[in-house]
Every structure is written in structure tokens, then in C-alpha cells.
Amino acid sequence: MTNTTTAPAGELPPLPTAGHETAILGGGCFWCLEAVFQRTDGVLSVQSGYSGGLVEAPSYRQVCTGTTGHAEVVKVDFDPSRIGYREILEIFFSIHDPTTQDRQGNDVGPQYRSVIFVTDNTQLETALALIEELDQAGLWPAPIVTEVKHADLFWPAEEEHRDYFANHPEQSYCRYVVAPKVAKFRQKFAARWRAD
């Protein structure tokens with residue numbers, strides 16, 4: 001894929017307010033996470049991007065090399081009066097494998113790592129407590145390796161990555177990787193499904 005646009009400036013996520021909170025999550029290719037959270041009731045907006053690396057204004061092509069330190073992430077802005085941070089994380093853990101280091105299926109490299117970038121200590125405590133609960137429940141055959149870190153700069157992805165699943169539903173990756181994750185979310189979190 002050719003990168004024809006420059007990524008916008010990086011930004012720190014906003015601190016939670018009465019009607020707005022932000023979650024920054026990496027769990028493999030950002031196209032998958034974006035597609036699920038765009039269909040989640042209570043979510044206000046979803047933006048794909050990069051976080052956790054050392055290079056300023058990274059491009060998709062640079063991040064794909066695995067040398068920038070960035071993870072492919074989504075910035076999920078949500079209304080905490082409609083959906084809580086814990087439920088956002090429960091959805092996140094249900095749609096990717098949090099037990100594989102730097103890998104999701106055939107996507108391999110540190111850019112595909114499982115990571116939660118928290119915006120405050122309340123999110124930190126919630127994430128760590130949920131990971132402990134999930135590990136104790138033994139839902140996976142191996143321990144969770146999801147990193148939990150304080151949020152760093154978020155760099156929005158190039159325009160061609162926005163609404164990727166909606167714009168390319170017939171593309172093979174979308175059909176065989178993204179679509180099953182969306183279907184799994186719809187089945188497991190039917191009450192949270194937003195069709196619009």
C-alpha cells in the first residue's frame with residue numbers, strides 16, 4: 001500500500017469528563033477494532049492510529065516494519081453514562097487473543113501487540129483488575145500478556161485507513177478476519193450492537 005498522505009500531529013488523549021471518556025486499545029490490526037467499536041452502543045467515535053512508539057508522525061508503512069515501537073491502536077471516545085470503561089475492555093478482550101506476544105493470527109510484530117493505554121489511574125486499576133479476573137477464570141490456555149501503560153501521544157492513521165471495513169467489505173482480509181470478529185461481537189454483546 002502506498003502512503004499518499006501525511007499523518008496529522010500527535011495528541012495526548014483528553015482526561016475523562018462528565019459526558020466523555022477515551023480508551024486507547026491495541027489488539028492486532030486496527031481495522032478489526034475500529035469495525036467493532038463503531039458498532040458499539042455508547043461509543044461516540046472511533047479513530048485508528050498509532051501509539052507507544054519513538055518516531056514522530058509515523059506512517060503506516062513505517063509502523064508495519066515493526067521498528068518504530070508503535071502499536072496499531074484505536075482511540076475510542078465513549079459516553080460513560082451509557083457504557084463503562086470496564087465493558088469497553090470486556091469487548092476488547094473478547095475480540096482478540098490477549099495471550100500471544102506481538103501477534104494476532106497471521107499478523108506478527110510489535111505493532112500488533114495487545115496493549116491498553118490508560119488515561120488515568122482509575123482506568124489503570126480497572127484494566128489490571130479485569131486482567132487478573134480473566135486470568136483467574138482461565139478463559140485462555142495461556143496467561144494474558146496485554147501491556148497496560150499510561151497513554152502516550154496518539155497519531156491518527158492516514159485517511160485510507162478510516163472506516164476501512166465499511167469501505168472495503170469485500171477485501172479478503174475484511175471478509176476472513178474483520179467480519180468474523182464483528183459477528184462474534186454481535187453475538188456475544190447483542191445488547192450493545194448498534195446497526196447504524
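Does residue 86 meet the test of being assigned to a helix (DSSP H, G or I) and of a type in the set (Lys, Arg)?
So residue 86 fits the description; yes.
Identify, please: which residue in region 169-185 is closer than 15 Å to residue 40 by Cα and charged (D, E, K, R) and is, among those, least open to solvent (accessible area, probe 1.4 Å)?
Residue satisfying both the conditions and the ranking: 181.
Among the residues of region 80-97, write down those that are in contact with a Leu (Cβ under 8 Å, 6 or more places away or on another chain) and at pLDDT below 95.
Of everything in region 80-97, those that are in contact with a Leu (Cβ under 8 Å, 6 or more places away or on another chain) and at pLDDT below 95 turn out to be 95, 96.
Looking only at region 20-41, how many residues end up being in a strand (DSSP E or B) and either open to solvent by less than 10 Å² (accessible area, probe 1.4 Å) or among the basic types (Lys, Arg) (or both)?
Applying the first criterion (in a strand (DSSP E or B)) to region 20-41 yields 20-27, 40.
After this cut, where a residue has to be either open to solvent by less than 10 Å² (accessible area, probe 1.4 Å) or among the basic types (Lys, Arg) (or both) as well, the list is 22-27, 40.
The total comes to 7.
For residues that are outside any loop (DSSP other than H, G, I, E, B) and either out of contact with any strand residue (DSSP E or B) (no Cβ under 8 Å at 6 or more places or on another chain) or of a type in the set (Gly, Ala, Ser) (or both), scanning just region 137-172, find the one that is modelled with the highest pLDDT.
Going residue by residue through region 137-172, those that are outside any loop (DSSP other than H, G, I, E, B) are 137, 147-150, 154-156, 159-161, 164-167, 172.
Applying the additional criterion that residues be either out of contact with any strand residue (DSSP E or B) (no Cβ under 8 Å at 6 or more places or on another chain) or of a type in the set (Gly, Ala, Ser) (or both) yields 137, 159-160, 165-167, 172.
On the way: 137: 92, 159: 85, 160: 84, 165: 85, 166: 84, 167: 82, 172: 88.
If we take residues in region 137-172 being outside any loop (DSSP other than H, G, I, E, B) and either out of contact with any strand residue (DSSP E or B) (no Cβ under 8 Å at 6 or more places or on another chain) or of a type in the set (Gly, Ala, Ser) (or both), then 137 is modelled with the highest pLDDT.
Within region 118-133, which residues are open to solvent by less than 30 Å² (accessible area, probe 1.4 Å) and either of a type in the set (A, V, I, L, M, F, W, C) or at pLDDT 95 or above (or both)?
Within region 118-133, 118, 123, 127, 130, 131 qualify.
Return the residues of region 119-142 that are touching a residue at least 60 places away in the same chain (Cβ under 8 Å) and touching a helix residue (DSSP H, G or I) at 6+ places or on another chain (Cβ under 7 Å); say none if nothing qualifies. So that I can check it myself, show each step before the final result.
Step one: list which residues in region 119-142 are touching a residue at least 60 places away in the same chain (Cβ under 8 Å), which gives 119-120, 122-123.
123 - this is the single residue of region 119-142 that is touching a residue at least 60 places away in the same chain (Cβ under 8 Å) and touching a helix residue (DSSP H, G or I) at 6+ places or on another chain (Cβ under 7 Å).
Considering each residue of region 102-115, count those that are of a type outside the set (Asp, Glu), in a loop (DSSP other than H, G, I, E, B) and in contact with a helix residue (DSSP H, G or I) (Cβ under 9 Å, 6 or more places away or on another chain), and give that number. Steps first, please.
We begin by selecting, within region 102-115, every residue of a type outside the set (Asp, Glu); these are 103-106, 108-115.
From the residues that got through so far, the ones that are in a loop (DSSP other than H, G, I, E, B) too are 105-106, 109, 113.
Restricting the remaining residues to those that are in contact with a helix residue (DSSP H, G or I) (Cβ under 9 Å, 6 or more places away or on another chain) gives 105-106, 109.
The total comes to 3.
Hey, can you tell me all the residues within region 42-93 that are open to solvent by 10 Å² or more (accessible area, probe 1.4 Å), among the polar types (S, T, N, Q) and under 17 Å from the mean Cα position of the chain (by Cα)?
45, 47
Out of 115, 145, I need the residue that is touching a residue at least 12 places away in the same chain (Cβ under 8 Å), open to solvent by 40 Å² or more (accessible area, probe 1.4 Å), of a type in the set (A, V, I, L, M, F, W, C) and closer than 16 Å to residue 52 by Cβ. Which one?
Numbers: 115 fails: open to solvent by 40 Å² or more (accessible area, probe 1.4 Å).
The unique qualifying residue is 145.
Taking only pairs six or more apart or across chains, which ones have beta-carbon atoms under 6 Å, a first residue in region 54-65 that is more than 14 Å from residue 29 (Cα to Cα) and in contact (Cβ under 8 Å) with a residue 60 or more places away in the chain, and a second residue that is surrounded by 11 or more Cβ atoms within 10 Å (Cβ to Cβ) and among the polar types (S, T, N, Q)?
58/68; 59/3
The values are calculated or read from the model by the stated rules, or taken from the named source; none is laboratory data. Because the structure is a prediction, the values reported are computed rather than measured. Note: ideal-geometry Cβ built from the backbone for every residue, glycine included; neighbour counts use all protein chains shown. The area values use the complete protein model at the heavy-atom level, side chains included, leaving out ligands, DNA and RNA. Shrake-Rupley method; radii C 1.70, N 1.55, O 1.52, S 1.80 Å.
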